[in-house]
Amino acid sequence: AILYSGLMIVSIPAWAQDMKKGAFILISTEGKVNFIDAQGQQADAVAVGKPIPSSYQVETEEGGKLVGLLSNGTLLTLVEKTKMKIGTFEQQPFEAGDKKLADLTGEPSKSNVSVDLDFGALVVKTKKLNKGSVFNINSPVGVAGIRGTEFQMASNPGQGVQLDVTESTVAFAPPGGGAPVEVSQGGGLSVSPSGVATPRAVNPSVAQNIQSTNQAATEATNDVSLGEVTAAMDQASAE
């Protein structure tokens, strides 16, 4: 397909033309977890195994935790005192067959994901992203671009961002479109509230937490069938 924009001709890749809404599936919660609707009001709790509506913000209180699965195979764990929202999630439909999540080494189809992290910390484990897929985490002091990795990103008002990477690479771009800083396995990045990025080694205690958190999330989702995932995508698209 071709779009005409002023004097520019923009070609849209064929795979992007049949994207549908991706699903953020609730796997488990602990402690107090709030679902907040588009009007800022407390919403009904989401049932385990069901997609969290795309209009909802999720907030974990002290002692709370949420484990969620994106339909592209990414695991997101919200630790306590975290608030986030799925900003954009589009994914190309795929055939589920009789596979389970554990059978996948890469994501089942191309996707476009943006996560808005208001505050708190996310522990993330992705499947290897397909060529052309986009996965960004937005924070008040910059954007982390993901390429198939395990990491934690923490953002707190007045303290900036702490990024710790235990597998693969994350590219962190400061606000205003500055050059991204790549953080590879075993590395970390401290970003000041003004956006100044300082490379460092990975925090050992954070690295241990990333490993144990992602292992627990993986074990909780290995037996999820891709049929359940595609059903959640259908439900999300019907919102």
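The residues on offer are Val165, Val202, Val170, and the sole one that is open to solvent by 30 Å² or more (accessible area, probe 1.4 Å) and β-branched (Val, Ile, Thr) is Val202. When you look at Gly178, is it under 15 Å from Ala121 (Cα atoms) and assigned to a loop (DSSP other than H, G, I, E, B), yes or no? No; evaluated as a whole, the condition is false for this residue.
For the range 62-102, the candidate set comprises residues that are assigned to a loop (DSSP other than H, G, I, E, B) and under 15 Å from Phe119 (Cβ atoms); within that set, the residue that is farthest from the chain's Cα centre (by Cα) is Glu62.
Filter the range 29-49 down to the residues that are buried (at least 17 other Cβ atoms within 10 Å of the Cβ) and among the polar types (S, T, N, Q) and list them by number. The answer is Thr29, and nothing else. With respect to the conditions (1) in contact with a strand residue (DSSP E or B) (Cβ under 8 Å, 6 or more places away or on another chain); (2) closer than 18 Å to Glu219 by Cα, Leu104 falls short on a single one, namely (1). Meeting the requirement of 2 or more residues that are in contact with a Ser or Thr (Cβ under 8 Å, 6 or more places away or on another chain), of a type in the set (Val, Ile, Thr) and closer than 22 Å to Ala201 by Cα, the strands (runs of 3 or more DSSP E) wholly within the range 108-168 are 111-125, 142-156.
All of Phe135, Phe89, Phe94, Phe119 fail the test of being aromatic (Phe, Trp, Tyr) and farther than 14 Å from Ser71 by Cα, apart from Phe119. Criterion first (under 21 Å from Phe172 (Cβ atoms), at pLDDT 95 or above, open to solvent by 20 Å² or more (accessible area, probe 1.4 Å) and outside any helix (DSSP H, G or I)) does Ser190 satisfy it? The answer is yes for Ser190. Scanning the range 50-100 for residues that are closer than 28 Å to Lys131 by Cα, in contact with a Lys or Arg (Cβ under 8 Å, 6 or more places away or on another chain) and surrounded by fewer than 19 Cβ atoms within 10 Å (Cβ to Cβ) returns Ser54, Glu90, Pro93.
Within the range 103-123, restricting attention to residues that are more than 24 Å from Asp18 (Cβ to Cβ) and free of Cβ contacts under 8 Å to residues at least 60 places away in the same chain, the residue that is farthest from the chain's Cα centre (by Cα) is Phe119. Looking at the range 48-69, I want the residues that are of a type in the set (D, E, K, R) and have a partner that is open to solvent by 50 Å² or more (accessible area, probe 1.4 Å) and in a strand (DSSP E or B) with Cβ atoms under 7 Å, at least 6 apart or on another chain. Which pairs are those? Taking only residues 6 or more apart or on different chains, the pairs are Lys65/Thr29; Lys65/Glu30. The set of residues in the range 226-239 being outside any loop (DSSP other than H, G, I, E, B), in contact (Cβ under 8 Å) with a residue 60 or more places away in the chain, open to solvent by 10 Å² or more (accessible area, probe 1.4 Å) and under 16 Å from Leu26 (Cβ atoms) consists of Glu228, Gln235. Take the conditions (1) open to solvent by 10 Å² or more (accessible area, probe 1.4 Å); (2) touching a Lys or Arg at 6+ places or on another chain (Cβ under 9 Å); (3) at pLDDT below 95; Thr126 misses just one of them, which is (3).
The values are calculated or read from the model by the stated rules, or taken from the named source; none is laboratory data. Since we're looking at a predicted model, the values are computed, not measured. No Cβ is skipped: glycine too gets one built from the backbone with ideal geometry, and neighbour counts run over all protein chains shown. Ligands, DNA and RNA are excluded from the accessible area calculation, which covers all protein heavy atoms including side chains. Shrake-Rupley method; radii C 1.70, N 1.55, O 1.52, S 1.80 Å.
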